[in-house]
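Below: one structure, written as structure tokens.
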Amino acid sequence: MKLIRIIPSLLIKDSFLVKGENFENHNYVGDIYNAVKIFSEKKAHELILLDISSRKKKTTFNINIIKKIKKEIFIPLTIGGGIDNLDQVSRIIDQGVEKVCLNSNLEQNLDLINLTANKFGSQSIIASIDVKRINNDYFIFYENGKKKSDKDLKKYIANLENAGCGEIILTSIDREGTRKGFDIELYKLIQNEVHLPIIAHGGASGIGSFNELFDNTDISSASAGSAFVYFGKRKAVLINYPEKKELDLIMTKYEGKNISNG
Amino acid sequence: MIAVIDYDGGNTKSILNVLDRCGLDYVVTHDENKINSCSKLILPGVSNFSFCIESLKKKKLDQLIKDHTLIKKKPFLGICSGMQILGSFSEEGNVEGLNIIPGKIKKIPVNIAKIVPHVGWNKVNFRDSLITEGIKNNSRFYFCHSYYYEPEDPKHCFMKTHYGIEFCTGVHSQNIFGIQFHPEKSLSEGMKIIENFSRY
């Protein structure tokens, strides 16, 4: 059975909601609090918030923003951006945040993942991996897609699982923000490498993209930004999420077996 | 007054937001006197089992929880790892639990479930109880865990979920409730569970 999750992932820059394409050209999309409230009211499965400006500013996600958000929403929340040590992880989780998203300093992060897993459990860690396709091969990039790593993708994913990571969000930089659909080949390539949930991210344009992913791969979780903040070809800003009925249909379709009564 | 037990191993903030939203009186504490003066106890939890048990022991809360649940018979709600510590033994770290509702905490079999941890909104089939009043059977709740509770006495299981295998996701014995999913992250149905418990 597949337990489907469809997760909006929102980018924050200098306390505002932004969205770009292929990790570049970020435009102002709106107010954070308004957006998260709408997603909570629309019963989004979860929510991921990443601060893309914190790494540059050598800070981590603003705790005051987290405090305010936590008062507005009653769905699981993941926070990422500039997290380098267990102290920062603890401060974020202490606000009632369910998971932290770790990226960038790849080597260092294996230790941090291990420390976090021992204290808060593996389920509290999502490792984020950003990849680019070059000559039919996939390469890991870090620091907002600017630096290329020499790590092998499959090996690195296995290392993350061994370090105690709970989930992996795998983003296709080539597809991010393009609404061209998920990179099915990428997810097929890595789906059998680990038993962890892998969240596909990059390229979703609507329900059709999610169905295409779930039909053609073993992946059961997917995330999107543009699809949930823009509407139409002209990219008018409109916070949206599948209606409950539509969502129930998708979930039931992939779920299979029912629970016995008892 | 509800005591939300604070022991470094919980995710108290989320639960407090829900208690606030429901307008319930609570105190966040690990102080013996304060806990004594409360009529109900909530033990939240998101952390690793052995870390949870160690933190409880360090704060001398292990015996206190036993006294309040087994002797004083106060209504108790354990959430996620706060539920699992009620068991006798956990495969997560191979450590002993508080043995309040005897049972083993086992790893979800990866070969059958395929993807572990079990994360997401899954259906819960329950036997009617005080805390499920007004909730439709087979409603979805938010799960996030790799281990599950197998009570020694099947009668203690009052909630079940299917994820590759069928396992127990709620234990109940008299005044003591433990639930594997997170009511504090499960929208209105989750809030209903907390409200029901507060009326116990």
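Couple of notes before you dig in:
- Neighbour-count ranking [beta-carbon atoms within 10 angstrom, fewest first] of A:ARG55, A:ARG234: A:ARG234, A:ARG55
- The order of B:HIS182, A:HIS26, B:HIS145, going from fewest to most other C-beta atoms within 10 Å of their C-beta, is A:HIS26, B:HIS182, B:HIS145.
- By the beta carbon rule, with partners counted only under 4.7 Å, chain B holds these lone Cys residues: B:CYS22, B:CYS38, B:CYS52, B:CYS80, B:CYS144.
- Amide H contacts under 5 Å for A:TYR230, placed H, 5+ residues apart: A:LEU238
- Modelled spin-label separation between A:GLU21 and B:LYS106, with each label point placed 7 Å from Cα along the Cα-to-Cβ direction: 5.3 nm.
- Local electrostatic count at B:GLY87 - Lys and Arg +1, Asp and Glu -1, tallied over other residues with Cβ under 14 Å: -3
- Backbone geometry of the stretch B:147-161 corresponds, through the Karplus equation with coefficients 6.51, -1.76 and 1.60 at θ = phi - 60°, to 3J(HN,Hα) couplings of 10, 10, 8, 10, x, 4, 9, x, 4, 6, 8, 10, 9, 9, 9 Hz, x marking Gly and Pro.
- A simple count of charges around A:LYS146, restricted to other residues whose Cβ falls under 12 Å of its Cβ and scoring Lys, Arg +1 and Asp, Glu -1, yields +2.
- DSSP bridge pairs, the stretch A:5-255: antiparallel proportion in percent, nearest 5: 35 percent
- Residues whose amide H falls under 5 Å from that of B:TYR26, counting only those 5 or more places apart or on a different chain, are B:ILE2, with hydrogens built in the peptide plane.
- Between the stretch B:1-52 and the stretch B:117-176, the C-alpha centres lie 21 angstrom from each other.
- Convex hull volume per residue for the stretch B:2-198, taking Cα atoms only, in Å³: 100 Å³
- Think of chain A as a dipole: +1 on every Lys or Arg Cβ, -1 on every Asp or Glu Cβ, centred on the Cα centre; then among A:TYR33, A:GLY80, A:LEU247, A:TYR33 lies furthest on the positive end.
- Kyte-Doolittle mean at least 0.0, axial Cα span of 15 Å or more - DSSP H helices of chain B: B:187-198
- Cα centre as origin, Lys/Arg/Asp/Glu Cβ charges: the stretch B:2-198 dipole, Debye: 240 debye
- Net charge, A:ILE126 excluded, C-beta distance under 9 Å - Lys, Arg +1, Asp, Glu -1: 0
- Among B:LYS40, A:LYS99, B:LYS73, A:LYS245, a tally of other beta-carbon atoms within 10 Å of each Cβ gives an order, fewest to most, of A:LYS245, B:LYS73, B:LYS40, A:LYS99.
- Nonlocal amide H pairs with A:ILE83, under 5 Å, H built at 1.01 Å: A:ASN103
- Dipole axis of the stretch B:2-198 (+1 Lys, Arg; -1 Asp, Glu on Cβ), positive-most option in B:ILE65, B:PHE197, B:HIS118: B:HIS118
No value in this document is a laboratory result; all are computed from the given coordinates. These numbers were taken from a predicted model, which means no experiment stands behind them. Every residue, glycine as well, gets a Cβ built from its backbone with ideal geometry; the counts of neighbours run over all protein chains shown.
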